[in-house]
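Report on the structure given below.
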Amino acid sequence: MLGHFKRKKKAMPAISTASLPDIVFILLFFFMVATRMRETEMKVKSNLPKATEMEKLEKKDLLSYIFIGAPEESFQKEFGSAPRLQLNDRLATPDEVIDFVASEKAKMRPELQNAIIIAIKCDKDADLGILSDVKIELRKANALKVTYITLKDDKKSR
Amino acid sequence: MARTTPEINASSMADIAFLLLVFFLVTTEIDIDEGINVALPPWTDVPPPPVELNDKNTLTVLINSRNQLLVEEELDDIDNLRKRTIEFLSNNGRNPELSNSPQEAVVSFKGDVGTSYETYIQVYNELRGAYNDLRNDLTRKKTNGRISNFNDLDRTTRDSILIEEIKFELPIRLSEAEPTKLGK
């Protein structure tokens, strides 16, 4: 009777793992292509201040970045050390903000254009003067949603 | 003499590739930025007439070009600002020198062109923090402790009524004036 339940031994063929590296390499290349290290070259300093009351910005397609800060050392010869703003890849003055907003809006889908959010990455040593100039231009350009990008303050956050 | 070369074991290749993969996953960041949201007032060519506000319903916060803070005409420290703002907002007429109700209370805030951005953000953070703390308290009370953070209320469920209620009871009335031009 017992012999009835005994399985017949059959040699399992070894599963070939030779294709596993290929699969993983495909994954690797996917990640290398899909993620990017850095979007634009930074021409101004941007040591962000710390805060506790921020919200996550999940709607990436609505965001346009403006950087404010003193030019990096290599650009100081040309542009001086006073805080300036960087729009995309170039250094600019506040009166170029209106054109910048218009071109950013033109890149977006028409129904989203009025929901544009301007993310300001401002160096903590910059002064309020240039920031308020930028804000006046943003108001003129009718881009009224603004967010100040800050780092999380681990000491203070509860 | 011809010898058959033994087959090279390729199973460790997968491990190497996995290591590389993990390395890339860790070093590249799909970062989600975090920021303090601000709504700017629309631009008008004519400056709006100064709103007559009952003085006790306004909390004036000034920062000068040396990053010093003046709250209701006395020098103060940033660390006290949140407590003072909460006291001012949640007064509900008890102290005759502070606000009548959160709906009437306005926090008026002004910097100087020479104020550093770091100080400005710290002050703004504290003022927003005061509003957020009060909103969180109200959320906790209204949900009987179920949810303790206003931002955790879900807009898509019936909590949306609650969101509107809290926004009505505790409107964020944070007005920011053009900076003075004394510094520099």
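None of the figures in this text is laboratory data; all of them are computed from the coordinates on show. In this text the structure is predicted, and so the values were computed from the model without any measurement. Methodologically, a virtual Cβ is constructed for each residue, glycine included, from the backbone with ideal geometry; neighbour enumeration extends over all protein chains shown.
Numerical summary
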quantity: Alpha carbon centroid spacing (whole Å) that separates segment A:124-158 from segment B:85-134; calculated: 18 Å
quantity: Helical contribution to [θ] at 222 nm, DSSP H n ≥ 4, -39,500 (n - 2.57), averaged over chain A, rounded to 500; calculated: -9500 deg cm²/dmol
quantity: Theoretical FRET efficiency, 1/(1+(r/R0)^6), r = Cβ-Cβ of A:K60 and B:I163, R0 30 Å, to 0.05; calculated: 0.80
quantity: 5 angstrom amide H check on A:V44, placed H, neighbours 5+ away; calculated: A:E72
quantity: Cut-off under 5 Å, modelled amide H: who pairs with B:R173 long-range; calculated: B:V107
quantity: Cα-based radius of gyration of the protein assembly as shown once divided by 2.2 N^0.38 Å, which approximates compact folds; calculated: 1.40
quantity: Given chain A, longest segment not containing exposed loop GluC sites (Glu not before Pro) (DSSP; at most 12 other Cβ within 10 Å); calculated: A:59-158
quantity: For segment A:94-102, 3J(HN,Hα) per residue [Karplus equation, 6.51 cos²θ - 1.76 cosθ + 1.60, θ = phi - 60°, Hz, x = Gly/Pro]; calculated: x, 6, 8, 5, 4, 5, 4, 4, 4
quantity: Exercise: per-residue mean of other protein chain Cβ atoms within 10 Å, B:127-139; calculated: 1
quantity: Within a Gaussian network of chain B (alpha carbon springs, distance under 10 Å), most fluctuating of B:T156, B:T143, B:T58; calculated: B:T156
quantity: As computed over segment B:60-180, the Cα convex hull volume per residue (Å³); calculated: 115 Å³
quantity: Highest-fluctuation residue, A:L138, A:L85, A:L112 considered, GNM on chain A with Cα pairs under 10 Å; calculated: A:L112
quantity: Gyration tensor verdict on segment A:30-158 (Cα atoms; rounded if a/c is under 1.5, prolate if a/b is larger than b/c, oblate otherwise); calculated: rounded
quantity: Inter-chain shielding of A:122-134 (mean C-beta neighbours from other protein chains, 10 Å cut-off); calculated: 6
quantity: Convex hull per residue volume in Å³, alpha carbons only, for segment A:30-106; calculated: 154 Å³
quantity: Estimated vicinal HN-Hα couplings, Hz - segment A:26-34 in sequence order (Karplus 6.51, -1.76, 1.60; Gly, Pro = x); calculated: 4, 4, 4, 5, 4, 5, 5, 7, 6
quantity: Mean projected area (nm²) of the alpha-carbon convex hull when segment B:141-184 is viewed from all directions; calculated: 5.2 nm²
quantity: FRET E, pair A:A34, A:D125, Förster distance 35 Å, beta-carbon r, rounded to 0.05; calculated: 0.50
quantity: Range of Cα positions in segment B:103-154 per principal axis (Å), largest first; calculated: 46, 25, 15
